[in-house]
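A short worksheet on the structure shown next.
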Ligand code: F6P
């Protein structure tokens, strides 16, 4: 299909996620395959404002599918939040003749994309690039599977110490108020529990766990905790244990940014490749203001407004898998 769009810019924005490079590669190659000019925009919206833009050829994205991070670099831009910043960004797009944008990032990046697209009537398609898996309308996001595997491997190592010393470990993972990483890595690593923000704040998750005697038949335990203001983090929970349940030898491990790095899994590379090609397809079909999602293994278009809505629920079934499998 011959497209009306003759040129497209790609940028990555917000926190980096493994698989972003595979997505950049797919978008660039699909654009060129469909006779478009493709431009790499460096440092996210910041680079769109400071005009860090370069035309990409097919070999600009060679040898990157296996690399973590993003070759385009990434940033969070305060200037793009202002009308003046977005005006300059638009002028730079016009200067290079860029007609459409593919934005790879999380909810903040897609929110910015929606505002920009609305103001200047630009076709913009988003790809969900975040380890948090906190976007609605898609079963998963680019980088989530890799982060999950990274956490699982770290947990396998921490378990050695937990078992040898018969300790209670709180392991804090990322997710920015979204419990997917904590819950699913708890299941994958055979942990005892996950303390996540989706469970009502009124509920004392720690107290309940301990009262229910979750360590009855075990001498060591590992509990995943989502970083979150609601819960207060693993450190706070450990402090509580020290004063309220001094019988436990408690330790904390905060996994931090190691969760965001590393070579993407096969699943993330395939997902990113499918979504990247779908982004160009969507532009050719005159779609705009949509994020590419995946539902039941089918590509779907999710309006930005829907994607950034924080109404994604944690599955009761997954919670029960963890509860039952950890008795
Ligand atoms: O959104 C991805 C994420 O890694 C969150 O899980 C985390 O809260 C945040 O980014 C950390 O951001 P930064 O790298 O800017 O500290």
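This table checks each residue for (1) assigned to a helix (DSSP H, G or I); (2) surrounded by 19 or more Cβ atoms within 10 Å (Cβ to Cβ).
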residue: 207; (1), (2): yes, no
residue: 218; (1), (2): no, no
residue: 228; (1), (2): no, yes
residue: 238; (1), (2): yes, yes
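Does at least one position in segment 138-155 carry a residue that is farther than 27 Å from residue 18 by Cα and either surrounded by fewer than 19 Cβ atoms within 10 Å (Cβ to Cβ) or not assigned by TED's automatic domain parsing to the domain that holds residue 12 (or both)? There is no residue in segment 138-155 that is farther than 27 Å from residue 18 by Cα and either surrounded by fewer than 19 Cβ atoms within 10 Å (Cβ to Cβ) or not assigned by TED's automatic domain parsing to the domain that holds residue 12 (or both).
Conditions tested, residue by residue: (1) modelled with pLDDT of 95 or more; (2) under 30 Å from residue 27 (Cα atoms).
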| site | (1), (2) |
| --- | --- |
| 214 | no, no |
| 221 | no, no |
| 227 | yes, no |
| 231 | no, no |
| 252 | yes, no |
| 256 | yes, yes |
| 265 | yes, yes |
| 268 | yes, yes |
| 271 | yes, yes |
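In this structure, residue 252 does satisfy being away from the ligand (no atom under 16 Å from the Cβ), closer than 30 Å to residue 68 by Cα and surrounded by fewer than 20 Cβ atoms within 10 Å (Cβ to Cβ). Each residue in segment 156-183 was checked for being within 16 Å of the ligand (Cβ to nearest atom) and at positive phi, and 3 pass.
Exactly one residue out of 85, 114, 108 is part of a helix (DSSP H, G or I) and within 16 Å of the ligand (Cβ to nearest atom): that is 108. The residues listed here are 31, 9; of these, the one that is surrounded by 24 or more Cβ atoms within 10 Å (Cβ to Cβ) and assigned to a helix (DSSP H, G or I) is 31.
The values are calculated or read from the model by the stated rules, or taken from the named source; none is laboratory data. Fair warning: this is a prediction, and the values are worked out from it, not measured in the lab. Using ideal geometry, Cβ is built from the backbone for each residue, glycine included, and neighbour counts are taken over all protein chains shown.
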